[in-house]
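J.: Questions regarding the structure given below will be posed in turn.
The values are calculated or read from the model by the stated rules, or taken from the named source; none is laboratory data. Predicted model only: the values in this text are computed from it and were never measured. Positions of Cβ are generated from backbone atoms using ideal geometry, with glycine treated the same way; all protein chains shown enter the neighbour counts. All accessible areas refer to the heavy atoms of the entire protein, side chains included, with ligands and DNA or RNA removed. Shrake-Rupley method; radii C 1.70, N 1.55, O 1.52, S 1.80 Å.
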Amino acid sequence: MSLIEASGLCKTYQAGDIAVKAINEVSFNIDVGSFVSFVGPSGSGKSTLLNMIGCLDSPSCGQLLVAGTDVSSLNQKQAAIFRGENIGFVFQDFNLIPVLTVYENVEYPLIMVQNWAAAKRRKQVMELLDAVGMKDQANKLPSQLSGGQKQRVAIARALVTNAKLVLADEPTANLDSMTAHRVIDLMKSMREKFDTTFIFSTHDPKIMAEAEVTYTLVDGSIENKEELAS
Amino acid sequence: MMNILKIAAKNLMRYQRRTILTTLLITIGIVAVLLFISLSGSFRALMVGQITDSMLGHVQIHKKGYVASIESLPLTLNMKPAMVEKVTDYLSERDDIEAWTMRVKFGAMFSNFKETTSIRFNSIVPEMEIATSPLLPGRLIQGDRKAAFVEPGKIVIPELIAKGLKVKVGDSIVIVATNREGSVNGNTFMIRGVLEGISGPGGRDGYMHIDDARNLLRMEDNEISEVAIRLKSSKNLSKIHKEMSAYFGQFNNKAGNPAFDVHTWEKLSPFSNIAKMIDMLDVFIKVMLVAIVLISIMNVMLMAVYERINEIGTIAAIGTIPSRILSLFVTEGLLLGILGAFIGSVISFMIVYVMNVKTISFSFGRQENLVLQPTLAINEVLIISGVVILVSVLASLQPAWKASRMDPIEALRHF
Ligand SMILES: Nc1ncnc2c1ncn2[C@@H]1O[C@H](COP(=O)(O)OP(=O)(O)OP(=O)(O)O)[C@@H](O)[C@H]1O
Ligand SMILES: [Mg+2]
């Protein structure tokens with residue numbers, strides 16, 4: 001079953017007089033529960049594509065279905081609600097909320113995005129913190145954590161709402177290679193545990209080898225799709 | 001909601017110095033406004049109280065035209081008994097009137113047997129006068145304040161004349177007056193008190209018993225120059241004045257013109273202009289406060305939004321709906337406003353309390369040692385705090401709106 005269906009998808013940016021075709025008519029399907037990476041040189045359109053899948057940006061043409069919803073027609077509020085219900089985000093710079101503790105950061109989507117009851121919330125947050133190995137750091141502030149720890153918390157935050165899909169644009173770019181591997185391993189084990197679909201982009205050849213399906217983007221087009229025999 | 005408050009409070013604590021500075025600014029503004037209002041209000045109340053409670057009363061009724069020529073105290077414009085009866089009948093019907101007094105006012109010559117000067121007299125029925133002007137005996141700087149204010153043969157003269165003609169309590173003097181027919185008459189009186197002068201019309205008048213005046217002026221009828229009325233509550237002044245004007249407006253003289261004039265003290269005393277100016281200053285300083293709050297909150301919230309663009313992008317990306325982002329920032333402004341308003345009000349109450357414990361006296365015009373008793377009406381404090389809080393919310397709306405409308409991609413890219 002496909003979680004994401006893209007056909008003839010494109011995105012054109014207007015930079016002054018010239019139109020930049022960041023994504024040029026790409027079509028692909030991503031199955032539920034898969035572990036997918038988009039790779040390619042800088043400027044090849046990885047972020048642009050992930051932003052469209054993540055309903056942060058709308059396509060210029062073509063069709064994009066995410067979890068059965070045509071996301072190109074959503075307005076600002078609808079898109080926010082859709083993201084809150086279906087998509088978790090992991091950012092290159094971790095983007096934890098600095099005034100909130102680890103626990104509160106993971107709890108945030110359950111309060112401010114979804115509306116969970118307090119008792120249920122506590123159980124869920126603790127379960128996720130346990131899953132990413134950050135249970136004993138729950139009361140620390142983000143500033144007291146290492147990069148790898150921050151990214152673990154961010155992964156817990158992305159998964160806490162039981163999102164169907166987690167999008168990670170260069171999640172390891174700010175981590176050393178050992179930590180990067182651990183984070184990717186964590187994402188993989190989370191996929192096993194929660195059956196969540198993970199899509200990430202990377203420059204790093206060692207990281208891209210971890211993906212089960214790897215799309216290579218060049219100049220906004222998919223040049224190559226590689227599947228790891230599992 | 002609870003959580004929005006919690007997050008907003010945490011964000012305020014993150015930028016502690018800025019929060020303290022902004023709160024301080026609002027606090028100082030509120031303290032300044034409340035103290036100014038309190039002091040100006042007590043000054044106003046003191047002066048107005050003196051004018052209404054020792055001299056003018058709240059409302060005065062005259063024959064039409066009397067007030068216009070009040071400088072010359074024209075005996076020809078006195079109210080005849082028939083008119084006086086209309087007034088007293090009406091006044092005794094009203095239950096919002098505390099007291100009224102009837103005065104015959106006239107100008108005379110005052111002689112200490114060596115020198116002569118002119119003097120103006122209010123001649124009165126003492127009990128009625130004191131009921132209407134309860135502060136009048138308090139203005140005696142010589143003579144017994146507890147004794148009957150005036151008695152037949154015993155008069156009270158203003159300080160200026162006592163000084164100018166070097167007379168004192170117990171001295172005999174002569175008053176000479178011309179009556180409305182033009183005949184001159186003089187009588188000997190004893191000075192029973194010297195009255196401190198206050199600013200405003202009638203503030204330098206002497207007082208004598210109404211029987212003495214009728215004698216001196218050889219009045220056949222019981223004419224009256226003015227009726228001064230003290231209301232139970234001055235709050236209803238304009239309403240009562242309106243009703244009285246309407247009632248007395250229906251009486252016409254033989255020529256078909258209105259027979260009576262009804263004035264509030266405000267129309268009779270120049271101090272009412274000062275009072276109005278104080279009121280205007282009150283408004284002005286309140287507008288300043290609103291401007292201070294508006295600008296400081298807007299500034300601090302714009303800064304907060306600008307500094308947190310990346311964070312706004314994050315919470316927007318993970319699905320926080322725009323209206324919730326808006327309320328996060330508005331709540332921060334709200335908290336700043338509440339904090340400033342609360343601290344400001346508490347400090348103001350404390351300062352006003354201290355000012356009451358340590359008496360503040362001042363002089364105004366020729367009056368010295370006036371004691372201010374500043375008070376802070378809880379209503380006023382609540383209204384001003386409410387306005388400050390409301391303005392804080394309004395001032396943070398624009399920055400918060402900006403935050404809520406941000407494009408998450410742009411915001412996330414921002415550093
Ligand atoms: N907002 C924008 N306005 C104009 N052009 C843009 C905008 N965003 C992206 N582009 C252009 O679109 C193309 C694809 O950019 P994108 O950020 O998707 O690449 P990327 O593969 O993520 O690169 P990197 O590896 O450096 O992150 C680039 O040529 C970029 O300049
Ligand atoms: Mg990119």
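J.: What strands (runs of 3 or more DSSP E) completely inside segment A:157-230 contain at least 2 residues that are within 15 Å of A:I87 (Cβ to Cβ)?
T.: The strands (runs of 3 or more DSSP E) meeting that bar are A:165-169, A:197-202.
J.: A further question follows. Out of the residues in segment A:52-63 meeting the condition of being within 15 Å of ligand 1 (Cβ to nearest atom) and open to solvent by less than 30 Å² (accessible area, probe 1.4 Å), tell me which one is nearest to A:T12 (Cα to Cα).
T.: A:P59
J.: Please find, within segment A:78-88, the residue that is nearest to the other protein chains (Cβ to nearest Cβ) out of those that are in contact (Cβ under 8 Å) with a residue 12 or more places away in the chain and buried (at least 19 other Cβ atoms within 10 Å of the Cβ).
T.: A:G84
J.: Any idea which of A:L129, A:L96, A:L159 is more than 10 Å from every other protein chain (Cβ to nearest Cβ) and in contact (Cβ under 8 Å) with a residue 60 or more places away in the chain?
T.: Being more than 10 Å from every other protein chain (Cβ to nearest Cβ) and in contact (Cβ under 8 Å) with a residue 60 or more places away in the chain holds for just one of A:L129, A:L96, A:L159, which is A:L159.
J.: With respect to A:I30, determine if the residue is more than 14 Å from chain B (Cβ to nearest Cβ) and open to solvent by less than 10 Å² (accessible area, probe 1.4 Å).
T.: Answer is yes for this residue.
J.: Would you point out which residue out of B:T116, B:T76 is of a type in the set (S, T, Y), open to solvent by 50 Å² or more (accessible area, probe 1.4 Å) and in contact with a Lys or Arg (Cβ under 8 Å, 6 or more places away or on another chain)?
T.: B:T76
J.: Hey, can you tell me all the residues within segment B:129-142 that are open to solvent by 40 Å² or more (accessible area, probe 1.4 Å) and either free of Cβ contacts under 8 Å to residues at least 60 places away in the same chain or within 19 Å of B:M190 (Cβ to Cβ) (or both)?
T.: Once the filter is applied, which keeps residues that are open to solvent by 40 Å² or more (accessible area, probe 1.4 Å) and either free of Cβ contacts under 8 Å to residues at least 60 places away in the same chain or within 19 Å of B:M190 (Cβ to Cβ) (or both), segment B:129-142 yields B:I130, B:I141, B:Q142.
J.: For B:F43, only one of the following conditions fails: (1) within 14 Å of chain A (Cβ to nearest Cβ); (2) at pLDDT below 90. What is its number?
T.: All conditions pass for B:F43, except number (1).
J.: Which is within 16 Å of ligand 2 (Cβ to nearest atom), closer than 21 Å to B:I321 by Cβ, among the polar types (S, T, N, Q) and within 13 Å of another protein chain (Cβ to nearest Cβ), of A:N51, A:N105, A:N75, A:N115?
T.: A:N51
J.: Would you say A:K164 is more than 14 Å from every other protein chain (Cβ to nearest Cβ), of a type in the set (K, R) and more than 16 Å from ligand 1 (Cβ to nearest atom)?
T.: no
J.: Which of the residues that make up segment B:371-381 are closer than 16 Å to B:D282 by Cβ, part of a helix (DSSP H, G or I) and either open to solvent by 60 Å² or more (accessible area, probe 1.4 Å) or of a type in the set (G, A, S) (or both)?
T.: Of everything in segment B:371-381, just one residue is closer than 16 Å to B:D282 by Cβ, part of a helix (DSSP H, G or I) and either open to solvent by 60 Å² or more (accessible area, probe 1.4 Å) or of a type in the set (G, A, S) (or both), namely B:N379.
J.: If you check A:D169, A:D204, which single one turns out to be touching a strand residue (DSSP E or B) at 6+ places or on another chain (Cβ under 6 Å) and closer than 26 Å to A:P41 by Cα?
T.: Sole residue among the options that is touching a strand residue (DSSP E or B) at 6+ places or on another chain (Cβ under 6 Å) and closer than 26 Å to A:P41 by Cα: A:D169.
J.: For A:F35, state whether it is open to solvent by less than 60 Å² (accessible area, probe 1.4 Å) and either touching a Gly at 6+ places or on another chain (Cβ under 7 Å) or within 9 Å of chain B (Cβ to nearest Cβ) (or both).
T.: For A:F35, the condition - open to solvent by less than 60 Å² (accessible area, probe 1.4 Å) and either touching a Gly at 6+ places or on another chain (Cβ under 7 Å) or within 9 Å of chain B (Cβ to nearest Cβ) (or both) - is not met.
J.: Report whether or not B:A8 is small (G, A, S), more than 14 Å from chain A (Cβ to nearest Cβ) and assigned to a helix (DSSP H, G or I).
T.: no
J.: Then there is this: Got a sec? Which of B:I198, B:I173 is hydrophobic (A, V, I, L, M, F, W, C), in a strand (DSSP E or B) and touching a residue at least 40 places away in the same chain (Cβ under 8 Å)?
T.: Checking each option against the conditions leaves just B:I173.
J.: Any residue at all in segment B:53-72 that's of a type in the set (A, V, I, L, M, F, W, C), surrounded by fewer than 19 Cβ atoms within 10 Å (Cβ to Cβ) and within 30 Å of A:Y103 (Cα to Cα)?
T.: no
J.: Looking only at segment B:265-314, which residues are within 14 Å of the chain's Cα centre (by Cα) and either at positive phi or aromatic (F, W, Y) (or both)?
T.: B:W265, B:F271, listed by residue number.
J.: If you don't mind, another one. Would you please name the residue that is nearest to B:G313 (Cα to Cα), looking only at residues in segment B:383-410 that are at the interface with chain A (Cβ under 10 Å from one of its Cβ atoms) and open to solvent by less than 30 Å² (accessible area, probe 1.4 Å)?
T.: Among those that are at the interface with chain A (Cβ under 10 Å from one of its Cβ atoms) and open to solvent by less than 30 Å² (accessible area, probe 1.4 Å), it is B:P408.
J.: Taking segment B:18-50, which residues are under 11 Å from the mean Cα position of the chain (by Cα) and open to solvent by less than 10 Å² (accessible area, probe 1.4 Å)?
T.: B:M47, the sole residue that qualifies.
J.: Which condition breaks for B:I240 when tested against (1) in the same structural domain as B:S40 (by TED's automatic domain parsing); (2) surrounded by 14 or more Cβ atoms within 10 Å (Cβ to Cβ)?
T.: Here B:I240 meets the rest and fails (1).
J.: Now for a separate question. Filter segment A:177-190 for residues that are in contact (Cβ under 8 Å) with a residue 12 or more places away in the chain and farther than 24 Å from A:V32 by Cβ and give the result.
T.: Once the filter is applied, which keeps residues that are in contact (Cβ under 8 Å) with a residue 12 or more places away in the chain and farther than 24 Å from A:V32 by Cβ, segment A:177-190 yields A:S177, A:T179, A:A180, A:H181, A:R182.
J.: Name the residue, out of B:S72, B:S40, B:S54, that is touching a residue at least 12 places away in the same chain (Cβ under 8 Å) and under 23 Å from B:L289 (Cα atoms).
T.: B:S40
J.: Okay, moving on. Failed condition for A:F91, given (1) surrounded by fewer than 22 Cβ atoms within 10 Å (Cβ to Cβ); (2) within 13 Å of ligand 2 (Cβ to nearest atom), with all others met?
T.: (1)
J.: Can A:I18 be described as away from ligand 2 (no atom under 16 Å from the Cβ), crowded, with 16+ Cβ neighbours inside 10 Å and either modelled with pLDDT of 95 or more or among the β-branched types (V, I, T) (or both)?
T.: When the stated conditions are applied, A:I18 does not pass them.
J.: I'd like to know if segment B:191-213 contains one or more residues that are more than 25 Å from B:G57 (Cβ to Cβ) and over 37 Å from the mean Cα position of the chain (by Cα).
T.: no
J.: Here's another thing I want to ask about it. Out of (1) touching a residue at least 12 places away in the same chain (Cβ under 8 Å); (2) in a helix (DSSP H, G or I), what's the single condition that is false for B:F415?
T.: In the conditions (1) touching a residue at least 12 places away in the same chain (Cβ under 8 Å); (2) in a helix (DSSP H, G or I), B:F415 misses (2) alone.
J.: Right, something else. Counting residues that are in contact with a helix residue (DSSP H, G or I) (Cβ under 9 Å, 6 or more places away or on another chain), more than 17 Å from A:D169 (Cβ to Cβ) and away from ligand 1 (no atom under 12 Å from the Cβ), which strands (runs of 3 or more DSSP E) fully inside segment A:1-41 reach at least 3?
T.: none
J.: Pick out, from segment B:246-362, the helices (runs of 4 or more DSSP H) lying fully within it that include 1 or more residues that are open to solvent by 40 Å² or more (accessible area, probe 1.4 Å) and away from chain A (no Cβ under 14 Å).
T.: B:265-268, B:271-307, B:322-357
J.: Name, by its number, the condition in (1) under 27 Å from the mean Cα position of the chain (by Cα); (2) open to solvent by 40 Å² or more (accessible area, probe 1.4 Å) that does not hold for B:T188.
T.: Checking B:T188 against (1) under 27 Å from the mean Cα position of the chain (by Cα); (2) open to solvent by 40 Å² or more (accessible area, probe 1.4 Å), the one that fails is (1).
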